[in-house]
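Notes for the one structure printed next.
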Amino acid sequence: MAQHVEAASGHAADHDHHHQSFWSKYVFSLDHKVIGLQYFFTGVALGVLGALMSYVFRMQQSFPGQSVPGFGYVTPDVYNSLITNHGTIMIFWFAMPVLVAAFGNFLIPLMIGCDDMVFPRLNRLSFQIFFLSALILISTFFVPGGGFGGAWTAYPPLSAKAAYNMTPWGSTLWVVAVALEFVAFLIGGINFITTLMNSRSPGMKMYDIPIVVWFIVIASILFMASVGPLVAGAIMLLFDQQLGTAFFDPTRGGDPVLWQHLFWFFGHPEVYVVLLPAMGIVAEVMVVFSRKKLFAYKTVLFTAIATGVLSFFVWAHHQFISGIDPRMANVFTVTTVLISIPIAEMCFVYIATLFGGSITFSTAMLFALAFMAEFLIGGVTGIFLGASGSDIYFHDTYFVLAHFHYTFVPIAIIAVFAGVYYWFPKYTGRVMNETLGKIHFWGTVIPFNLIFIPLFFLGASGDHRRIYSYLLFPDSAKPYLQDIRIFATYALIVALLVQVVFFINLFWSIFKGKKVDNNPWLANTLEWSAPSPPPHGNFAVLPNCYRGPYEYSTPNRAKDYWPQNEPV
Amino acid sequence: MASTTIAHAPQDDHQGPHHGPGFYVKIWALLMFLLIVSILGPMLEHPMLTLITAFGVAVVKAVIVAGYFMHLKIEKRFITYMLLGMLAMVGLFFAGTAADIHRLQGTNWVNVARFQYIEKSLEEIKKLGESGEHH
Amino acid sequence: MATYAQPIATRRRASGIPTGRLAMWWLLGSEIVIFGGLLMCYLLFRHSYDHWHVAASHTNTVFGAVNTFVLLTSSLLVVLAHQAAESKQGGKAFIYLWLTIGGGLTFLMIKSVEWTMEISKGYTLPSNLFWSFYYTAAGIHASHVIAGMVAMAIVSFDVLKGRNLQRVELVGLYWHFVDIVWIFLFPLLYIAK
């Protein structure tokens with residue numbers, strides 16, 4: 001057998017025995033699981049920071065001019081930099097590292113049955129560059145002029161000239177941090193793609209790969225194919241800021257709309273870069289907790305590829321009012337509405353998977369179901385914005401803001417919680433507390449809707465996204481509108497407080513949770529055949545793969561699951 | 001499974017035949033010839049011909065380097081498709097952006113600032129030319 | 001820090017391509033989009049600004065052509081290094097690798113002489129959008145040349161001892177890519193006037 005030869009010639013045996021210090025085990029580790037944890041905790045720490053920022057600027061909106069408890073007075077420039085960095089952090093330093101890097105690092109080698117990533121040292125380098133970029137971003141709050149305040153899209157000329165944005169250091173360091181972050185994920189992405197292509201366990205064919213692994217790798221490819229122009233654009237913007245070039249300065253021949261194209265050529269596929277891993281996590285959770293084969297595996301896979309391809313053709317719908325040519329607006333309206341087809345198809349396939357299954361409403365499953373329900377609202381409201389005619393009225397209002405939070409919160413928060421509750425036993429050998437988990441679930445999902453449904457109404461009544469104080473504008477300062485703003489802010493505070501339950505549950509369960517065996521959910525995929533927690537090297541004997549990942553409730557079998565590594 | 005053995009076969013880097021140093025020197029000579037063509041092309045002072053000798057030859061040179069020096073010809077096919085896919089992304093970016101950046105006016109819009117920049121630049125060039133004549 | 005042991009994953013090759021080469025191809029794929037994006041930005045402006053040919057006429061075709069010659073020749077040298085490595089002749093590969101590094105150095109020296117001449121004439125990075133693109137594109141390319149030279153120097157000493165011979169091919173692929181980028185930069189910046 002091939003794997004015995006591998007184990008003998010390999011190093012799996014000498015992995016787990018030598019004593020390692022804290023530094024080499026947790027800080028400079030080469031183990032993909034530890035690097036995944038590093039990404040996870042760095043991402044979550046920054047995510048908490050971003051969430052607290054939203055508390056500060058929501059309070060300023062609801063009670064303008066008053067001191068925010070725990071922060072103090074919010075000046076307009078601080079308000080701008082808080083909004084900018086909330087967006088930047090949540091997309092680039094929370095959603096990306098947690099969904100793609102953390103889950104990718106942890107899941108890919110385990111689920112395809114090999115002992116590590118193909119390039120462990122490159123993997124560590126990727127995290128170190130990412131960590132450096134996070135430090136640079138945080139440092140912008142402490143440099144002269146404060147953090148960058150030109151919105152997370154950094155449109156020039158505002159972002160290109162210190163005379164306009166008043167943050168000579170903040171804007172430059174922002175660009176540097178974002179560019180470094182891209183480099184980190186490019187390195188990580190190459191590692192993911194190569195690992196999946198080359199290191200699958202013997203016998204694992206194209207359609208035996210778990211959906212979540214497929215989706216994370218497709219997301220890495222999307223990222224790689226879309227980020228290039230923006231890397232070049234970041235260098236151009238940096239030169240505009242510091243060396244006096246005029247790439248984006250119309251008075252000297254440049255064009256600010258060029259940056260918008262560079263940014264959104266990456267920025268829109270980026271939505272699918274984070275959506276696909278989330279969809280993958282949800283697929284794994286749903287299949288296991290409804291004890292049914294994933295409905296139409298190949299359809300799901302090719303739909304995801306189609307989504308990825310289409311996602312490159314829609315970017316200019318972010319620029320309908322930026323002065324782009326109206327004929328291009330027609331094209332991009334059609335493609336934007338087209339992309340709802342594969343996504344809707346995927347939702348139908350997931351519902352078909354649930355149909356007729358024996359469903360267990362565990363916390364992970366509840367989060368997975370909530371993802372579907374909430375993302376649906378996000379998708380449907382997107383149609384108003386994808387059609388260029390209506391977008392002219394909705395653009396840059398709270399309607400847009402509520403729309404993309406209805407897509408990003410299910411992706412980056414609800415699906416991540418589903419994944420954490422589901423794979424926690426593999427990381428620790430213990431399960432998380434279900435009662436606390438359900439309190440956390442309802443306490444997250446209900447306030448989330450109470451935050452953003454009011455914002456749809458505010459947007460429809462014309463509230464612009466980037467206003468420091470609505471009381472300065474008579475049309476927006478009407479008392480009932482202000483009441484809606486205050487209501488949404490209270491819902492936000494409740495949602496933030498409920499997250500404390502999650503962290504208590506997480507850290508309590510790591511040390512005191514109920515112990516379980518290697519496969520508590522009776523799942524098929526290969527990671528559940530490894531010990532919990534898996535040692536460095538993952539498997540005692542590297543597994544072979546004999547069948548697809550979703551053989552549940554197969555007729556004429558005693559057990560309702562059929563692990564991929566069981567020969568018969 | 002058949003793939004258990006195939007997946008771990010130790011060698012078999014390239015499927016095709018291997019060439020001697022002479023072959024690569026010949027390819028290099030061909031590249032040198034193309035380089036000379038691309039340098040001499042503009043001397044014919046025919047814009048269309050310059051375009052072909054400059055960019056057509058560049059594409060040919062790139063294909064030769066990729067095909068023979070990088071061994072893309074005997075590499076697995078999907079690598080070529082992947083690289084072409086990435087090139088298609090570049091083309092897509094150009095196509096989607098050209099309507100706004102490449103052109104200075106279109107349906108119901110004119111990029112006034114950039115027209116002014118062209119006028120200003122042409123004046124500067126004229127001035128430079130005049131001062132050059134005085135010297 | 002624990003000593004590094006290569007995982008089994010690195011040695012598997014389900015795709016039929018060795019892991020290192022596969023990763024290198026993906027790296028080059030991502031580089032295509034980076035350089036492609038920059039060159040497309042240049043082209044978008046180049047077409048709408050006819051008057052740029054005045055600025056472009058100040059670029060020195062001779063320097064550009066000599067540099068193309070140098071890079072193409074160094075590409076030949078690195079493919080010969082790869083061939084030597086494949087027939088397990090580490091010493092020969094070492095010599096070819098250092099000849100290639102020499103080619104890279106020549107390229108950079110010519111480049112710096114050229115840039116010094118242009119800067120002394122007053123054509124600097126911010127002086128005009130054409131020059132901005134000229135220095136940015138050539139500068140990013142030059143940084144890739146330097147990276148390739150450093151990688152080759154690191155690889156060469158292992159190769160001399162007969163270890164990790166497959167890495168010669170990988171740095172070679174990277175070097176050829178840098179060469180191809182220059183093949184496109186040459187007509188874009190020097191010939192099309």
Where A:Ala364 falls short, out of the listed (1) farther than 28 Å from A:Phe441 by Cβ; (2) modelled with pLDDT of 95 or more: (1)
The lone condition C:Glu86 fails out of (1) over 17 Å from C:His176 (Cβ atoms); (2) more than 17 Å from the chain's Cα centre (by Cα) is (1)
Identify, please: which residue in region A:192-229 is closer than 17 Å to A:Cys114 by Cα and of a type in the set (Gly, Ala, Ser) and is, among those, farthest from the other protein chains (Cβ to nearest Cβ)? A:Ser201
Looking only at region A:309-358, count how many residues are exposed (fewer than 15 other Cβ atoms within 10 Å of the Cβ), among the polar types (S, T, N, Q) and either within 17 Å of B:Asp100 (Cβ to Cβ) or within 11 Å of another protein chain (Cβ to nearest Cβ) (or both). 1
Would you check if there is a residue in region A:271-292 being within 11 Å of chain B (Cβ to nearest Cβ) and not hydrophobic (A, V, I, L, M, F, W, C)? no
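Inspect region A:289-298 for any residue being touching a residue at least 40 places away in the same chain (Cβ under 8 Å) and of a type in the set (Gly, Ala, Ser) and give the result as yes or no.
Yes, region A:289-298 contains at least one residue that is touching a residue at least 40 places away in the same chain (Cβ under 8 Å) and of a type in the set (Gly, Ala, Ser).
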Going through A:Ser476, A:Ser553, A:Ser469, A:Ser529 one at a time, which residue ends up being closer than 30 Å to A:Ala154 by Cα, hydroxyl-bearing (Ser, Thr, Tyr) and touching an Asp or Glu at 6+ places or on another chain (Cβ under 9 Å)? A:Ser476
Of (1) at the interface with another protein chain (Cβ under 8 Å from one of its Cβ atoms); (2) among the aromatic types (Phe, Trp, Tyr); (3) surrounded by fewer than 19 Cβ atoms within 10 Å (Cβ to Cβ), C:Phe63 satisfies every one except (1)
Against the conditions (1) farther than 19 Å from A:Val27 by Cα; (2) touching a Leu at 6+ places or on another chain (Cβ under 8 Å); (3) at pLDDT 95 or above; (4) buried (at least 24 other Cβ atoms within 10 Å of the Cβ), where does A:Met90 fall short? Just the number, please. (2)
Given the criterion at pLDDT below 95, under 16 Å from the mean Cα position of the chain (by Cα) and assigned to a helix (DSSP H, G or I), identify the matching residue among A:Gly389, A:Gly419, A:Gly378, A:Gly382. A:Gly378
When the residues of region C:12-51 are narrowed to those that are farther than 16 Å from B:Thr80 by Cα and more than 9 Å from chain A (Cβ to nearest Cβ), which ends up surrounded by the most Cβ atoms within 10 Å (Cβ to Cβ)? C:Tyr42
Given the criteria over 23 Å from the mean Cα position of the chain (by Cα) and either modelled with pLDDT of 95 or more or under 27 Å from A:Val213 (Cα atoms) (or both), does A:Val74 qualify? no
Of A:Pro520, A:Pro531, A:Pro535, A:Pro543, which residue is within 17 Å of A:Gly429 (Cβ to Cβ) and within 14 Å of chain C (Cβ to nearest Cβ)? A:Pro535
Out of (1) of a type in the set (A, V, I, L, M, F, W, C); (2) more than 10 Å from chain C (Cβ to nearest Cβ); (3) closer than 30 Å to A:Phe313 by Cβ, the odd one out for B:Val90 is which? (2)
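The values are calculated or read from the model by the stated rules, or taken from the named source; none is laboratory data. Computed from a predicted model, the values in this text were never measured in an experiment. Cβ coordinates were reconstructed from backbone atoms using ideal geometry, including for glycine residues, and neighbour counts include every protein chain displayed.
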